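Okay, so here's the structure we're looking at.
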Amino acid sequence: MESIGTMIKEELERQERTVSWLARKLNCDRSNVYRLFQKHSIDTVLLQRISVILNRDFFSELSRSLPLDGGRDDV
């Protein structure tokens, strides 16, 4: 599975939005958004904000990648 930062970057590009646009929506500097693209994990509150801003449920996509057996060997 690709990193959350990559997923956010790809969605931003798919929507033809700019880094500046997302930075304004998040009330942060563009450099913070570029750093976000490099992350493999982020705070859930921030991910919730980004999900709302981009109108995409990143949480459900991430949860689909979880192993169905919970990683247990006895199942």
Filtering GluC sites (Glu not before Pro) in region 1-51 by DSSP loop and by at most 16 other Cβ atoms within 10 Å leaves Glu2, Glu16
One computes Rg over Rh for the chain from alpha-carbon atoms, with the Kirkwood Rh, and obtains 1.06
To the nearest 0.05, how large is the calculated FRET efficiency for Gln38 and Asp69 if R₀ is 30 Å and r is the Cβ-Cβ distance? 0.45
Count neighbours as other Cβ atoms within 10 Å of each site's Cβ, and list the trypsin sites (Lys or Arg not before Pro) in region 1-44 that are DSSP loop with at most 16 such neighbours. Arg17, Lys39
Along Cα→Cβ, 7 Å out, is where each label goes; now give me the distance between the ones at Cys28 and Glu10 in nm to one decimal. 2.1 nm
In a Gaussian network model over the chain where Cα atoms closer than 10 Å are linked, find which of Asp29, Asp43, Asp57 has the largest mean-square fluctuation. Asp43
Per-residue ellipticity at 222 nm for the chain, helices alone: DSSP H runs ≥ 4 residues times -39500 (n - 2.57), over residue total, nearest 500 deg cm²/dmol? -17000 deg cm²/dmol
How would Val19, Val52, Val33, Val45 rank on accessible area, largest to smallest, probe 1.4 Å? Val52, Val45, Val19, Val33
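The values are calculated or read from the model by the stated rules, or taken from the named source; none is laboratory data. Quantities reported herein were computed from a predicted structural model and do not represent experimental measurements. Cβ coordinates were reconstructed from backbone atoms using ideal geometry, including for glycine residues, and neighbour counts include every protein chain displayed. Just the protein is used for accessible areas: all its heavy atoms, side chains included, with ligands, DNA and RNA removed. Shrake-Rupley method; radii C 1.70, N 1.55, O 1.52, S 1.80 Å.
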